[in-house]
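Notes to accompany the following structure.
Throughout, read-outs are computed from the coordinates displayed, never taken from laboratory work. Every value quoted in this text rests on a predicted model; they were computed, and no experiment measured them. Every residue, glycine as well, gets a Cβ built from its backbone with ideal geometry; the counts of neighbours run over all protein chains shown.
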Amino acid sequence: MSSLAYALRARPRASWIPAAWRQPLAIVGIVIAAAWIVIAIFAPLIAPDDPLAQTFTPAAGPSWHHLFGTDELGRDVFSRVISGSRVSLPIAVTLVALAATIGSIVGAVAGYFRGVVDGILMRSTDLVFAFPPIILAMVVAAVLGRGLFNAALAIVVVAWPSYARVVRGLVLSVGDSEYVQSARLLGASSRRTLVRDVLPNVAGPVFVLATLDLANAILLLSGLSFLGLGAQPPKAEWGSMVAEGTQYFQWWWIGTFPGLAIFTVVLAFNFLGDSLRDVFDPRTARRDAEVEP
Amino acid sequence: MRFVLRRLVALVFLSIGITAVAFVLTQLVPSNAAATNLGEQAAGDPAAVKAFDQHYGLNHPLPVRYLIYLDHLVHGDLGQSSVTHDAVTHDLGQFIPATAELALYSILFAAIVGIVFGTIAALRRNRPADHALRVLSLAGISMPTFWIALVALYVGFYELGWFPGAGRLNPGVNPPPSVTGLYTIDALIAGEFGLFWQALHSLILPALVLAAFNVSLLTRFTRSAVLEVIGNDYVRAARAKGLPERIVVVRYILRAALPSVVTVLGLVFANVLTGAVLVEKIFSWPGIGQYAYEAAVNLDVPAIAGVSIFVAVVYVTINFIVDVLYGVIDPRIRIT
Amino acid sequence: MSVLEVDSLRVQLPTPSGDVTIVDGVDYAVEAGEVLGVAGESGSGKTISMLALLGLLPERSTVHGTARFEGRDLITMPRRELRDIAGRDLAMVFQDPFTSLHPMLSVGKQLTEHVRRHLHLDRAASQRRAVELLEDVRIPDPEAALRAFPHHFSGGMRQRIAIAIALACRPKLLIADEPTTALDVTVQAGILRLLDRLRREHELAVILITHDLGVLSSIADRVSIFYAGRVVESGARDAVLTHPRHPYTHALLDALPHPEVSKERPLVAIGGAPPAPGRLPTGCAFNPRCAHAVETCRLEVPQLVVAGDRRLACPVDPFRA
């Protein structure tokens with residue numbers, strides 16, 4: 001399609017940054033995520049009631065006094081959902097940051113030193129990947145003992161290998177590129193080339209992965225809490241609130257609203273991550289230019 | 001075929017690694033294994049405790065204990081569950097079919113819907129249908145499975161009463177004579193159509209809930225796989241031959257896109273298992289997910305180790321099969 | 001009556017920056033048993049104008065003009081009727097035989113599926129037809145070839161298979177889009193001889209698209225030279241190729257390696273690059289690269305008019321005999 005390719009080459013090239021902004025989903029994602037972050041920061045001001053106070057009529061449906069109703073113990077569900085953002089968001093961000101750091105370091109080391117080091121590190125990622133995430137996370141969480149902290153730790157254990165693989169691949173390909181080779185020839189130290197030349201190329205993909213991983217981490221964390229391996233009652237955590245809802249599901253509001261909260265947060269990060277991936281990886285991009293006869 | 005052999009060797013090593021990880025993890029549990037396994041009475045009997053410790057090599061250092069565990073494993077002994085007081089292998093045999101049946105229907109549904117959606121999205125790329133499916137599929141992977149299960153149960157069972165709320169069959173109904181362990185298939189074999197419908201009826205809600213995530217995943221994968229092949233000359237050549245669009249899409253586009261779609265089957269399976277752990281609890285489905293959950297919550301060490309080894313080995317085996325299948329579907333790889 | 005008569009064909013393709021005119025009013029006709037050579041650089045609209053005939057353009061493309069195939073207009077024809085003609089009466093061979101055959105379908109399948117559909121043959125009859133076709137294009141051991149997959153064959157063999165597929169329903173017109181470009185030089189000659197023999201034996205009209213005038217000089221009866229979506233010169237092969245009158249045709253011929261004169265004359269590349277579609281210069285699209293351009297060339301788009309033994313779109317006509 002020579003002439004067609006030609007026609008398309010003629011189109012003006014857009015720069016990457018505006019491309020991100022031209023993605024409506026990215027904007028929706030940013031707005032929702034930002035809203036939740038604001039809610040988390042100002043939760044005590046926004047929540048009308050104490051999330052732990054069992055002071056109201058139990059199991060009352062949504063009303064003007066209790067937007068999301070009250071739960072079986074007479075707590076205000078709206079306040080609990082608001083306060084739940086202070087549990088899920090900071091923990092998810094921290095654990096993803098931790099997993100990304102550990103994974104990136106392991107991947108960089110494996111990609112940089114290659115050989116036996118690479119072999120050992122990559123086989124260990126294979127081992128983690130051999131387990132479906134929730135099974136491994138469940139076992140680790142159970143072994144460490146129930147609790148939010150241990151559940152988060154368990155998710156770090158499952159999450160780091162994907163960063164290791166991505167970073168290793170990038171370091172391998174960047175390390176083979178001519179400019180890094182020449183930097184090495186010029187006598188730049190290993191550490192310096194790694195920091196100067198390799199890291200900047202790795203940052204983008206790791207960031208995309210981390211955004212999408214935030215979504216997964218929140219899902220997994222709330223899943224573990226749902227199973228009773230994460231947050232323990234009476235803590236207002238979304239997953240365990242849904243679990244309470246399953247016991248009293250004739251009172252649908254107890255479980256539905258915390259679930260909606262999880263859904264919107266995860267959706268925001270997925271919108272964002274998916275759009276970012278389009279921007280960073282032109283191969284999977286959905287640009288209009290994909291017209292072929 | 002050297003490729004298959006090499007992957008097979010890697011699979012064996014990986015499986016050994018899996019047993020090691022599961023073993024070491026479970027050994028970290030602080031517990032008096034004999035007491036929890038034998039129960040109060042027997043634990044008071046020093047001879048019984050000694051025999052137990054002897055059998056599982058509990059008086060040996062860790063590496064030796066691992067080797068003993070492996071030896072038992074090879075002989076089909078995964079120890080005894082401290083919750084059910086049955087052999088773990090026996091328990092697995094009890095619980096696997098329920099999950100297998102659920103997974104089968106769920107994956108089948110997800111594959112059909114996901115491939116159709118993904119193809120539509122790709123054929124209508126950058127049109128409203130494509131954008132709608134993108135948002136829909138992102139929503140699908142963003143909804144917590146346990147929450148969908150709750151909502152589905154509330155609406156489908158509590159409000160509308162269209163579906164049973166729990167279990168594989170109505171309470172008090174005897175399952176069909178076991179051949180495969182899958183009630184729908186066993187019922188058909190036994191010729192009991194009423195039982196078949198009942199089993200299917202109980203399956204629908206949990207299977208659909210489990211499928212939600214995979215429908216989205218497969219939609220997204222199929223879309224990009226179809227887009228990879230849609231601009232190829234052979235697709236244009238097929239149209240130039242005057243073939244009807246239906247044949248161009250199915251025989252030319254989907255046929256070429258299928259291998260890349262097949263590669264996510266491992267992921268699809270992992271998602272079903274993840275979902276099963278959460279969904280089985282809500283639907284009181286007596287499957288492996290429930291068993292894993294009970295084992296983890298009760299720190300039932302042999303059961304945790306057994307179930308995680310089983311699940312992981314199945315998982316890596318599926319990924320191995322997918323790799324081989326990829327070669328079977330694509331004749332270019334078959335030769336080399 | 002001509003097999004195909006294309007009149008003022010215009011094609012616009014959608015791009016992110018708006019619709020771009022790729023083909024801007026071209027005319028040509030082919031008779032039975034005749035080879036029409038269509039030549040021009042990449043981007044001149046040759047391929048797009050052919051894809052337009054079979055309705056193979058991207059969605060939201062617009063096509064104007066007429067293309068009468070045996071008296072029926074392909075452009076306005078409903079898609080369903082077009083699909084009945086495509087592959088049966090009007091067949092196409094694509095440039096790259098490595099991508100134009102489906103890698104996962106057997107040669108036999110690709111050779112018989114449209115035969116069964118268009119000619120309503122049963123399995124056995126279509127198999128016999130397939131063997132006959134493979135013999136016709138000189139594929140050794142046709143029966144075994146039917147069960148084989150495209151990757152078992154070399155590029156030249158694949159292109160022979162692609163030609164067999166195109167000829168399977170005994171079409172009246174074959175459009176061959178750069179059928180030899182992706183192949184080795186030695187294989188090229190074989191494919192061209194094959195096309196030449198087939199059109200004689202089957203009274204087949206052929207449109208041969210190429211950017212290589214050398215290819216045309218061996219088998220074309222008539223030649224049309226495309227530049228930036230327009231025909232700039234057309235006529236009998238000998239007239240156009242031995243006495244080119246449009247400066248662009250002239251330049252194209254100069255760019256050809258001439259074995260017999262290579263010592264005295266160096267290869268001449270055409271200065272400049274062809275204009276991007278959608279960003280054509282005013283006037284004659286070739287004027288920025290033309291050594292003979294005058295003021296009118298920059299102002300008016302020259303029309304293709306009869307000029308003696310040919311049709312020509314150059315008011316300057318610097319090479320008039």
Anyone know which of B:129, B:166, B:111 comes out most mobile in the 10 Å Cα GNM of chain B?
B:129
Per-residue HN-Hα couplings for the range C:283-298, Karplus 6.51 cos²θ - 1.76 cosθ + 1.60 at θ = phi - 60°, whole Hz, x for Gly and Pro?
x, 5, 5, 8, 4, x, 9, 9, 6, 9, 5, 10, 3, 4, 4, 7
Taking alpha-carbon centroids only, the range B:135-197 lies from the range B:221-274 a number of Å equal to 31
Can you run phi through the Karplus equation (6.51, -1.76, 1.60; θ = phi - 60°) for the range A:83-95 and list ³J(HN,Hα) in whole Hz, with x for Gly and Pro?
5, x, 5, 7, 8, 5, 4, x, 5, 4, 4, 5, 5
What is the dipole size for the protein assembly as shown, taken about its Cα centre, with +1 at each Lys and Arg Cβ and -1 at each Asp and Glu Cβ, in debye to the nearest 20?
1760
For the range C:99-168, what does the alpha-carbon gyration tensor say about shape, rounded, prolate or oblate, given a ≥ b ≥ c as the root eigenvalues, a/c under 1.5 as rounded, and a/b over b/c as prolate?
prolate
Ratio of alpha-carbon Rg to the 2.2 N^0.38 Å globular estimate for the range C:60-113, to two decimals, please.
1.44
Hand me the GluC sites (Glu not before Pro) from the range C:1-85 located in a DSSP loop with no more than 16 other Cβ atoms within 10 Å, in residue order please.
C:31, C:59, C:70
Using only the Cα atoms of the range B:255-327, build the gyration tensor, take square roots of its eigenvalues as a ≥ b ≥ c, and label the shape rounded, prolate or oblate: rounded if a/c is under 1.5, else prolate if a/b is larger than b/c, else oblate.
oblate
By the mean-Cβ-within-10 Å protection proxy, highest first, C:122-130, C:169-177 rank as C:169-177, C:122-130
Computed [θ] at 222 nm, deg cm²/dmol, chain B (DSSP H ≥ 4; -39,500 (n - 2.57); rounded to nearest 500):
-24000 deg cm²/dmol
Send over the Kirkwood Rh of the range B:179-336, from the inverse of the averaged 1/r over different Cα pairs, rounded to one decimal Å.
18.8
Which value, in debye to the nearest 20, gives the size of the charge dipole of the range C:99-168 about its Cα centre, when Lys and Arg are +1 and Asp and Glu are -1 at the Cβ?
160
Measure nothing fancy, just the Cα-based angle from helix B:88-123's long axis to the longest principal axis of chain B, in degrees from 0 to 90, nearest 10.
20
What is the set of long-range amide H partners of residue C:170 at a cut-off below 5 Å, with H atoms built 1.01 Å from backbone N?
none
Rounded to a whole number, what is D in µm²/s for the protein assembly as shown from Stokes-Einstein with the Kirkwood radius over alpha-carbon pairs (4 °C, 1.567 mPa s)?
40
Loop chymotrypsin sites (Phe, Trp or Tyr not before Pro), the range A:45-137 (other Cβ atoms within 10 Å of the site Cβ: 16 or fewer; DSSP):
A:64
Residues meeting the amide H criterion for residue C:230 (H placed from the backbone, H to H distance under 5 Å, 5 or more places apart or on another chain) are C:24
Which percentage, to the nearest 5, of the DSSP beta bridges contained in the protein assembly as shown is antiparallel?
65
With the Cα gyration tensor of chain B in hand, give its eigenvalues times 5 under a square root as the equivalent ellipsoid semi-axes, listed largest first in whole angstrom.
42, 27, 17
Per DSSP helix of 4 or more residues, -39500 (n - 2.57); summed, then divided by the residues of chain C. What does that give at 222 nm, rounded to the nearest 500?
-9500 deg cm²/dmol
Note: A:237-245 gets an average of partner chain Cβ contacts (10 Å, Cβ to Cβ) equal to 3
Angle between the Cα long axis of helix B:2-27 and the longest principal axis of chain B, 0 to 90 degrees, nearest 10?
40
Listed highest first by mean packing, meaning other Cβ atoms within 10 Å per residue, what order do B:245-258, B:226-239 come in?
B:226-239, B:245-258
Taking every residue in C:55-65, how many Cβ atoms of other protein chains lie within 10 Å of its Cβ, on average?
3
For B:218-231, mean number of other protein chain Cβ atoms within 10 Å:
2
Amide H partners (placed H, <5 Å) of residue C:301, local residues excluded
C:283
Rounded to the nearest 10, the angle in degrees between the Cα long axis of helix C:123-136 and the longest principal axis of the Cα atoms of chain C comes to 50
Just check chain C against the gyration tensor rule for me: Cα atoms, a ≥ b ≥ c as the square roots of the eigenvalues, rounded for a/c under 1.5, and otherwise prolate or oblate depending on whether a/b exceeds b/c.
prolate
Sorting check: for B:197-210, C:286-299, which peptide has the highest mean count of neighbouring beta carbons within 10 Å, and how do the rest follow?
B:197-210, C:286-299
Among the lysines, which have Cα under 29 Å from the Cα of residue B:281 when same-chain residues fewer than 8 positions away are ignored?
A:235
Quick one: Karplus J couplings for the range C:217-222, per residue in order, coefficients 6.51, -1.76, 1.60, θ = phi - 60°, nearest Hz, x for Gly and Pro?
4, 7, 10, 6, 8, 10
Please list, or write none, the lysines whose alpha carbon is within less than 25 Å of the alpha carbon of residue C:109, excluding same-chain residues fewer than 8 places away.
B:241, C:172
Fraction of beta bridges assigned by DSSP in chain C that are antiparallel (%, nearest 5):
60
